[in-house]
Every structure is written in structure tokens, then in C-alpha cells.
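The values are calculated or read from the model by the stated rules, or taken from the named source; none is laboratory data. Please read all numbers here as calculations on a predicted model, not as lab measurements. In this analysis, Cβ positions are derived from the backbone assuming ideal geometry, glycine residues included, and neighbour counts consider all displayed protein chains.
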Amino acid sequence: MRSYLIVCFKFLPIAVFFVLLSLSIRMGNLFYDIKEEHNISIELQKASAINDNMISIPIQTSQTKALTENELLILQQLSVRRTELDKRQKELDKKEQELTELEKKLTTQQKKLDEIAKKLKEQIEQSTLQKNTELVHIYTHMKPTQAAIVLSSLDKTLILQILKNMPPTQAAAILEKFPPEEAKNLTILMASPNNEL
């Protein structure tokens, strides 16, 4: 037992040395953590002054890992990138709104153009009908032989329009002066519902 106590006393200074050594290491780590927290706080204030739009970074405590300079730089770059993306998104939204307005204007203009085209078509049809009426009047007052000679040189569509708008007796007198085969073809075309050639 006595030898055991002697051995314990021999190792006691060594044990005390190791205990003091571990305590000093822990105290050094504690002071290092406090110093790092202070440095990080200063870095965050600098970063905040550089970019007001920077994302908020929680202040580190001794229980969390301290941010390295690289991590702070990455956070700053991400903040700048986010600001750029927000700016681009606003520009895209503005352009989309402009395109929507242009589309509405184009639709309105297309409707106006369609109305103008419809009016022009009606005017052309009215003008054509008026000219055909005048032609019908002219050919109605001509002798059937002369009318047949002049009409035979015209387009078949025009011949049909003139003959269909004439009184039937005068149209028959003119058709009688056409060669039989041509008179037959014109009669068939006049009888067809669509006047297809």
C-alpha cells in the first residue's frame, strides 16, 4: 500500500501538469473564439456598408462555426448576384408589359384593317355590279347578232354575268346567235348554281 502511494505521488506532478496544460489550451480556445467573434462582427459591418442589399448574416456565437474570409466573399458575391437578378427580373417584367400593350394595339389595328378590307370588298362588288348593270343595259339595246359577236370575244365569266342579268327573251335571242356548242356550254353554266366554268 505504501508503495502504491509512493507511485501515486510520483505521478501527481505529471497529472497536475497535464490538467494545467489542458486548461490553458481551453482558455486559449475561448479567447480565440471571442477574438474571432469580434473580427467577424467587424467584417459584417464592413460588408453591410459596401452593399446595403446584402443578405442578413446572423452574428456568430462561440457555439457556431466562425465564417472564413472566403465564405464572406462568397456571401457578398451572392448578394451582388441576387441584386442583378432582381434588376433583370424587373426589366423582364417591364418588357412583358410592353409586349402585352403592343399585342393589344396590334389586335385593335388588325380589327380596323379587317373592317377596311370588308368595306373595300363591298365597294368593289358594288362597283362591279354597277359596271355589269351598265354592260347589261348596253348589250340589251344592241342587235342580238352584234351582241353575240362582241360577247364571244369576252371572258366566259363576264358573258355569264351579262346574260344572267338580261331579260330572258333578249338573252335567248343573243344565245341563239352563238355557235351551237358554245351556246350549249353557256346554257349549262348559267343553269349551274355556282356558275363554275
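For the reader, a short list of remarks on this structure follows.
- Of all residue pairs spaced 6 or more apart or on separate chains, those with beta-carbon atoms under 6 Å, a first member in region 153-171 that is surrounded by 11 or more Cβ atoms within 10 Å (Cβ to Cβ) and a second member that is polar (S, T, N, Q) are Leu160/Asn195; Gln161/Asn132; Met166/Thr140; Gln170/Thr140.
- Here the helices (runs of 4 or more DSSP H) wholly within region 143-183 that include at least 2 residues being farther than 17 Å from Asn132 by Cβ and of a type in the set (D, E, K, R) are 168-177.
- Condition met for Thr108 (surrounded by 10 or more Cβ atoms within 10 Å (Cβ to Cβ), more than 16 Å from the chain's Cα centre (by Cα) and modelled with pLDDT of 85 or more): yes
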